[in-house]
Amino acid sequence: MLIAGRRRRGGVAVAYTVILTSVGLEMAADMIMRLRRSAAHEVRVVAVERRSDVNARHFADAFVCIDSWDPQTFAVGVVRVAEQFDADLVLPLVDGDVLALAPYAEAFAGLGCRLACNRAELVDTLADKLAAYRLFTQVGLPVPDWRAADSRERLVAAVEQMFGLYGEVVVKPAMAQSSRGVSVVRNAIHGAQEYLGSREVHMDYDTFMTRFVDVYDALFPVVVMKRLCEPVHDLDILAWEGEARCVVPRRRRNTALPNEGHEILDSQVLTDLGRDIAKKLGLSWLVDCDVMFDETGAPCVLEVNPRPSHSTVVSVAAGAPLLDDMISLARGLPVAESAGPPPALVVPYRTMDIAQT
């Protein structure tokens, strides 16, 4: 593949500059290296994080610490970084960054920089599980049976009803991230226990009703949903104006710990679902979707995250041109739909590389 022509500013050729936020994530350093080693574009990466001690800072062309958890302060800081480095693209990797940055899309555009983010109202909807499930139901995407609860009384009633129907239910706060505050109610265990080192807590029905219901007093509203069949599947979806350019289905080796390895799948069912998600939600850019199957083998959408997962590099490592094609789309270059990579098992391992000096 030929390297795309370098942009010019004032007659001087310059690399395409990508700002990557929240680089403290486990696989962020790998994503930085894959961006910088692109076979299709000459890419410069500016890494941004709220902490100054992350290892990924050594692998970027530049690193900036924005030491603030206030969304507005962080967003204004990223805008300033974009101006300082004459950036072309901002790629956020966590929901909080997307929510903070989405209202500043025009500010970035005024600098000649694109924010890899869908429209702000869709971002707000996808970040709220109740609003998202209502939208998925409205547009006809498959979801598990679910109920909304905004009080202790409604939570108890929903769990009682759903447990009676299915024997296993999941309770999750509408605004939770990374399994925070998630309870799985099932009688296959006694008492309560953390699930395989994750933030999920699994418990029997009586334990939930006597010890955990009041935990949600500070977390309402919540979603009560039918528990589906493990493992979780991820869909990496690169789309543009509602048209999928590439969909990569991958199955987690460990549902609770998604970074312990993935199997890249050749699944027409999941690929078609990814295309349907992109079309019905009018998606652009690179997003991550969580899917599980019900007992009949039908896929159900759990979440559509309004940004790529840092584990998207799993699909890139397997051969999917997700990052290269995303940059091509951002640059206005034509990108045809591409098939996902062939089936493969991709596992993480500890390695070393020469850091930037």
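Quick notes on this one:
- Of all DSSP beta bridges confined to the chain, the antiparallel ones make up roughly 70%.
- Dimensions of region 28-89 along the principal axes, based on C-alpha atoms and rounded to the nearest Å, stand at 37, 24, 15, largest first.
- Listing Tyr104, Tyr133 from fewest to most neighbouring C-beta atoms within 10 Å gives Tyr104, Tyr133.
- At full extension, Thr351 and Glu160 could sit 63.9 nm farther apart than now, given 0.36 nm per residue minus the alpha carbon distance.
- Residues His310, His58, arranged from fewest to most other Cβ atoms within 10 angstrom of their Cβ, appear as His58, His310.
- Cα shape, region 7-117, gyration tensor, a/c 1.5 rule: oblate
- Label point distance in nm, Glu230-Cys65, each placed 7 Å from Cα along Cα→Cβ: 3.8 nm
- Shape category assigned to region 15-63 from the gyration tensor of Cα positions, a/c cut at 1.5: prolate
- Dividing the Cα radius of gyration of region 142-251 by its Kirkwood radius returns 1.04 for Rg/Rh.
- Charge tally for Leu126 (other residues, Cβ to Cβ under 13 Å; Lys, Arg +1; Asp, Glu -1): -2.
- The order of Cys113, Cys300, Cys229, going from fewest to most other C-beta atoms within 10 Å of their C-beta, is Cys229, Cys300, Cys113.
- Counted over region 146-226, the DSSP beta bridges are approximately 85% antiparallel.
- Cut-off 17 Å (backbone N to label point 7 Å along Cα→Cβ of Ser52), residues of region 13-27: 23-24
- Percent of Cα-Cα distances greater than 25 Å, calculated over region 212-357: 34 percent
- For the chain, the alpha-carbon radius of gyration amounts to 1.02 times the rule-of-thumb value 2.2 N^0.38 Å expected for a compact globular protein.
- Summed residue charge, Cβ within 13 Å of Leu155's Cβ, Lys/Arg positive, Asp/Glu negative: -1
- Angle in degrees between helix 152-166 and the longest Cα principal axis of the chain, rounded to the nearest 10: 80 degrees
- Computed lengthening from Gln84 to Arg180, 0.36 nm per intervening residue step minus Cα-Cα distance: 31.0 nm
- Most mobile of Thr17, Thr207, Thr296 in a GNM of the chain (Cα contacts under 10 Å): Thr296
- The chain, relative contact order in percent, only Cα pairs under 8 angstrom and at least six apart counted: 15 percent
- FRET efficiency, 1/(1 + (r/R0)^6) with R0 25 Å, evaluated for Gln72 and Lys280 via beta carbons: 0.20
- Subtracting the Cα-Cα distance of Met33 and Gln268 from 0.36 nm times their residue separation leaves 81.5 nm of extension gain.
FYI, it's all coordinate maths here, none of it is from the lab. What you see is a predicted model; the values in this text were computed from it and never measured. We place every Cβ from the backbone using ideal geometry, glycine too, and count neighbours over all the protein chains shown.
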